[in-house]
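Inspection log for the structure reproduced underneath, given as structure tokens.
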Amino acid sequence: MKKTRLVDIAAAAGVGLATVERVLNERGSVRPQTAEKVVLAAKRLGYKGLIPSLYRGTIRIEVILVRPESPFFSRLNRAFERIAASLDSSITIHRTFVEESDPEKFAAHVANSGIRRHGLIVIAIDHPKIRESLQKARTAGVEVVQIVSYLTGRDDVFVGIDNYAAGRTAGFYMSRMLRHTTGSIAAICHSWAYQIHRERIRGFSDYLASHGNPAHRFSEVVFGLDDDVRSAEMMTQALRRCPDIVGIYNAGGANLGVGSVLQRLHQQRERELVWIAHELNDETRRFIASGLVTLVLDQAPETQARRALDTILSRMGIIDVPVSQEPVPFLTYTAENIGLAPSHR
């Protein structure tokens with residue numbers, strides 16, 4: 001391996017050689033922001049000499065989340081809260097909720113130079129202005145990790161599940177659970193604004209097209225924006241358009257809205273449906289218990305939060321522990337493995 005020279009550090013940090021020498025020899029007279037760039041560059045390049053510790057009491061990592069009222073993001077927020085409470089006092093995690101439906105405001109927050117951060121963990125819809133703001137943050141020396149979802153053409157590390165595989169898994173179970181029935185299959189998700197929802201639906205569709213029962217027709221995808229009221233309306237309309245629907249895959253949130261519609265059908269005994277949903281929470285547990293939901297795919301937000309933070313700290317050189325870059329394994333839940341099978345009631 002090529003030995004890291006001071007001139008290499010200077011080039012990577014975008015500063016002069018004299019500045020690098022002052023920082024590494026702790027001679028002072030260097031702005032903290034500039035010194036941080038030098039230290040980060042030295043650590044990234046594997047510099048073998050002594051590197052001063054400039055982060056004592058100053059490591060600031062911001063986590064940008066959306067929709068605090070949703071069960072999934074509430075769960076993810078609690079995970080970061082618990083992790084933050086267990087960290088050394090020299091590391092501060094600041095959690096911020098930003099309106100996902102206003103990408104310009106979202107991008108402005110990311111680009112706000114008045115917010116001093118060393119790392120940024122972000123969930124965002126796929127939008128050009130947000131992509132641009134993240135690029136500027138990287139250029140400024142901020143370590144950026146995208147979590148749960150990511151943007152097209154991402155340059156940042158992504159921590160999350162393999163969403164295409166999750167969609168194919170939903171298709172796998174759906175086709176087998178409906179093996180002896182005929183009818184249509186529908187799917188619902190937030191919208192195409194999230195790349196991960198596009199991947200889930202594509203995986204689901206691909207599996208049904210190549211391995212599904214010819215007696216089933218993947219009729220349509222509707223967009224509920226992960227809003228319970230809108231999702232209930234969209235689901236009601238889909239069932240009216242296709243009265244022969246026998247399977248529903250909710251690739252997004254708003255399980256409460258979808259469930260309110262399917263609950264009425266279940267009570268009226270008009271038809272039996274197979275419903276596959278995402279995320280294990282109080283809502284989906286109730287639906288599993290009532291027989292509405294057959295299967296839940298959970299993307300383990302607690303694991304994602306821990307890995308995202310470890311990735312930031314590792315890339316900054318704060319911890320020297322290998323952090324997996326593989327997709328986070330998603331979990332499969334039914335009544336049988338959450339204590340709701342008949343023998344447990």
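Separation of region 207-243 and region 275-345, taken as the distance between their Cα centroids, equals 24 angstrom. In region 1-154 the Cα-Cα distances spread across 10 Å bins starting at 0 as 10, 34, 31, 19, 6, 0 percent of all pairs. With respect to the chain, whose longest principal axis is taken over its alpha-carbon atoms, helix 255-268 is tilted by about 10°.
The angle between the Cα long axis of helix 71-86 and the longest principal axis of the Cα atoms of the chain comes to about 30 degrees, rounded to the nearest 10. Stretched out straight at 0.36 nm per residue, the stretch from residue 138 to residue 33 would grow longer than its current Cα-Cα span by 36.4 nm.
Computed from label points 7 Å out along Cα-Cβ, the spacing between residue 236 and residue 90 is 5.8 nm. What is the chain's relative contact order, in percent, from Cα pairs under 8 angstrom and six or more apart in sequence? This gives 14 percent for the chain.
Charge tally for residue 35 (other residues, Cβ to Cβ under 11 Å; Lys, Arg +1; Asp, Glu -1): +2. Peptide packing for 311-318, 2-9 was compared via the average number of neighbouring C-beta atoms within 10 Å per residue; ordered from the highest value, the list is 311-318, 2-9.
A Förster radius of 56 Å, combined with the Cβ-Cβ distance separating residue 286 from residue 17, puts the computed FRET efficiency at roughly 0.30. Normalised by the number of residues in region 206-335, the average gap of Cα pairs under 8 Å and 6 or more apart makes the relative contact order 18 percent. Adding -39500 (n - 2.57) for every DSSP H run of four residues or longer, then dividing by how many residues the chain holds, sets the calculated 222 nm ellipticity at -13500 deg cm²/dmol.
Computed as a quarter of the hull surface, the mean projected area of the alpha carbon convex hull for the chain stands at 20.3 nm². When both bridge partners sit in the chain, DSSP labels roughly 10% of those beta bridges antiparallel.
Neighbours of residue 99, meaning other residues whose beta-carbon lies under 14 angstrom from its beta-carbon, give a summed charge of -3 when Lys and Arg score +1 and Asp and Glu score -1.
Taking Lys and Arg as +1 and Asp and Glu as -1, the other residues whose beta-carbon sits under 15 Å from that of residue 307 total -3. Taking square-rooted eigenvalues a ≥ b ≥ c of the alpha carbon gyration tensor, is region 97-243 rounded, prolate or oblate, where a/c under 1.5 means rounded and, failing that, a/b exceeding b/c means prolate? It is prolate, given that a/c is not under 1.5 and a/b is the larger ratio.
Every number in this text was worked out from the coordinates using simple rules, so none of it is lab data. Note that the structure is a prediction, hence the values are computed from the model and not measured. So basically every Cβ, Gly included, is an ideal-geometry build from the backbone, and we count neighbours across all protein chains shown.
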